[in-house]
Amino acid sequence: MPTFSAEVPHQLGSEQATQRLRQFIDQAREQYRDVVSDVQGSWSDNLLTFSFKSYGFKIDGTLTVGETTARVAGNMPFAAVPFRGKIEQSIAAELRRELT
């Protein structure tokens, strides 16, 4: 299965960055409800394991929050590969916005 990833540096420390991203995930569910469905997510300390559907594609992966970086890595269907760059750019932009 094809993969995607995005990594964003931050200066918040893992605890504060995780707190911001936990709030962001809740807001994003509401904000993107028109294009995202079947959202599942489970936090364990600074690791979020997630899955969702968007435009008919099932996406799953992890968000790992470290002291100086936040990294998303996941799997996507082959049909979504042409959009990999856009997906990675969009994720990185959202992470940057929340962690700045």
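Some points to look at:
- Counting only residues that are surrounded by 14 or more Cβ atoms within 10 Å (Cβ to Cβ) and over 14 Å from Gly61 (Cα atoms), the range 1-18 holds 6 of them.
- Among all positions in the range 15-28, there is no residue which is without any contact (Cβ under 8 Å) to a residue 60 or more places away in the chain, outside any helix (DSSP H, G or I) and polar (S, T, N, Q).
- In a residue-by-residue description of the range 52-60, the property of being part of a strand (DSSP E or B), among the hydroxyl-bearing types (Ser, Thr, Tyr) and modelled with pLDDT of 90 or more applies to no position.
- When the range 41-70 is filtered for residues that are surrounded by 15 or more Cβ atoms within 10 Å (Cβ to Cβ) and either farther than 17 Å from Arg29 by Cβ or touching a Cys at 6+ places or on another chain (Cβ under 8 Å) (or both), the ones remaining, listed by number, are Asn46, Thr64, Val65, Gly66, Thr69, Ala70.
The values are calculated or read from the model by the stated rules, or taken from the named source; none is laboratory data. Predicted, not measured: the structure shown is a model, and the values here were computed from it. Reconstructed Cβ throughout: ideal geometry from the backbone, glycine too, with neighbour counts over all protein chains shown.
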